[in-house]
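Novice: The structure under discussion is supplied below as structure tokens; questions concerning it will follow.
The values are calculated or read from the model by the stated rules, or taken from the named source; none is laboratory data. Predicted, not measured: the structure shown is a model, and the values here were computed from it. All Cβ positions, even for glycine, are placed from backbone atoms using ideal geometry, and neighbour counts span all protein chains on display. Areas reflect the complete protein model, heavy atoms only, side chains present, ligands, DNA and RNA absent. Shrake-Rupley method; radii C 1.70, N 1.55, O 1.52, S 1.80 Å.
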Amino acid sequence: IKLAAKRSQHVYVLEGFMDVIALHQAGIPQAVALMGTSFTGFHATMLKRLGVECRIALDPDEAGMKAMLKMIPLLQENAIPFRFIYDPQQDKDTDEIVLEQGRESLENYLHKLVNKMDFTFAYYERYLSLDSTESKVSFIQNVLPYLVHASELERIDYLKRLADKTGYPVKTLETQLQKLQPKHVQDDVFQKLRPAQEVITR
């Protein structure tokens, strides 16, 4: 796995061993499993040693998506380059894609790469209807913390997107973002991920 990851300069981080076996059978050996949805410091240390990009594809259900969102701060803390694999049209686990849809579908899925902000937007858009002031405010409060450490150009782009989604002026969103302090974000938002528990409903 280490050699394959070094050659390809990336490693797929999956949820279970069946997912890893499915990729190996499809000729993609650079894959590892968390053996669940919990991502720990031990996992981060092992992945950092590889020195390659982590392409994360946990199961595309609510638990898997929430787990991927919770991985962001630990990956950032350890300076691990990463992207998420996300396709809103795909509801199968990785091993199911291989078994039911074939290798070509798997390869297409593995190329659906998004960065942390695109994934964050997709996550909250999926679980918040944005049809009320309350849901729009929740969307803003959940997304803004992920922009605290973003570059200036990223902030400009994503604040515009946030304004388009919620109808609030960019200046207002900038003001709210300036109120967020890095330590506050780290302690209260990322580690507990309390907003996700409060706002996600079926």
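Novice: Can you work out D for the range 1-63 in µm² s⁻¹ from Stokes-Einstein, where Rh is the Kirkwood radius over C-alpha pairs, the temperature is 37 °C and the viscosity is 0.692 mPa s?
Specialist: 277
Novice: Under a Cβ-only charge scheme (Lys and Arg +1, Asp and Glu -1), can you give me the dipole magnitude of the chain about the Cα centre, in debye to the nearest 20?
Specialist: 740
Novice: What percentages make up the Cα-Cα pair-distance distribution of the range 25-124 when the bins are 10 Å wide from 0?
Specialist: Taking all Cα pairs of the range 25-124, the binned fractions are 14, 50, 33, 4 percent.
Novice: Under a 1.4 angstrom probe, counting protein chains only, how are 129, 151, 135, 105 ranked by accessible area, largest first?
Specialist: Most to least solvent-accessible, the answer reads 129, 151, 105, 135.
Novice: Additional query: Percentage of Cα-Cα pair distances in the range 76-123 greater than 17 Å, rounded to whole percent?
Specialist: 41
Novice: Please report, to two decimal places, log10 I(q)/I(0) for the chain at q = 0.10, 0.13, 0.15 Å⁻¹ as given by the Debye formula with identical point scatterers on the Cα atoms and no solvent.
Specialist: -0.44, -0.74, -0.95
Novice: Let me ask another. Read phi for every residue in the range 20-29 and hand back ³J(HN,Hα) as whole Hz from Karplus 6.51 cos²θ - 1.76 cosθ + 1.60, θ = phi - 60°, with x for Gly and Pro.
Specialist: Result, rounded to whole Hz: 5, 4, 4, 5, 4, 5, 8, x, 10, x.
Novice: What's the angle, to the nearest 10 degrees (0 to 90), between helix 41-50's Cα axis and the longest principal axis of the chain?
Specialist: 60
Novice: Strictly over 28 Å apart at the Cα level, which of 48/165; 92/179; 66/136; 112/179; 48/160; 48/179 would you flag in this model?
Specialist: From the list (48/165; 92/179; 66/136; 112/179; 48/160; 48/179), the Cα-Cα distance tops 28 Å for 48/165; 92/179; 112/179; 48/160; 48/179.
Novice: Could you point to the residue in 24, 72, 137 farthest towards the positive end of the chain's charge dipole, with +1 and -1 charges on the Cβ of Lys/Arg and Asp/Glu respectively?
Specialist: The residue sitting farthest along the positive end of the dipole is 72.
Novice: I'd like the accessible area for residue 45, computed on protein heavy atoms only with a 1.4 Å probe and all protein chains in place. Round to 10 Å², please.
Specialist: 60
Novice: Same structure again: Quick one: what are the phi-derived ³J(HN,Hα) couplings along the range 69-75, Karplus 6.51/-1.76/1.60 with θ = phi - 60°, whole Hz, x for glycine and proline?
Specialist: 4, 6, 6, 4, x, 5, 5
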